[in-house]
Amino acid sequence: MTFPPVDKIAHFLGGYAIALTLLTTHVAFIRLPWNPLIALLIVFLVGVGKEVYDGPKETMTSHIHDVLITTAGGALALAVNLFN
């Protein structure tokens, strides 16, 4: 069995951690929990921002995969939070 590269695991766990943090904290001054879709959108935007910060790679596909894996981590946190 082969394991995914450490980079992909880090992206997944990063997305999970960001979403879980947003979903378990409250918006300042409002005292309401984050909307789950807004939290997932923020995870996606953080993933895109990180890839823009990383700069050019050999292929654009690796950037897209990293963003999708980061967002998948956020989606798992969302699912765990909603069904818990």
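The values are calculated or read from the model by the stated rules, or taken from the named source; none is laboratory data. These numbers come from a predicted model, not from an experiment. Cβ coordinates were reconstructed from backbone atoms using ideal geometry, including for glycine residues, and neighbour counts include every protein chain displayed.
The table for this structure:
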| read-out | value |
| --- | --- |
| Residue selected from the range 33-84 under the condition aromatic (Phe, Trp, Tyr) and assigned to a helix (DSSP H, G or I), by the criterion modelled with the highest pLDDT | Phe44 |
| Number of positions in the range 53-80 that are of a type in the set (A, V, I, L, M, F, W, C) and touching a Lys or Arg at 6+ places or on another chain (Cβ under 9 Å) | 2 |
| Subset of the range 38-66 that is among the β-branched types (Val, Ile, Thr) and in contact with a His (Cβ under 9 Å, 6 or more places away or on another chain) - its residue that is nearest to Lys8 (Cα to Cα) | Val48 |
| Condition met for Leu23 (aliphatic (A, V, I, L, M), at pLDDT 90 or above, closer than 20 Å to Phe83 by Cβ and part of a helix (DSSP H, G or I)) | no |
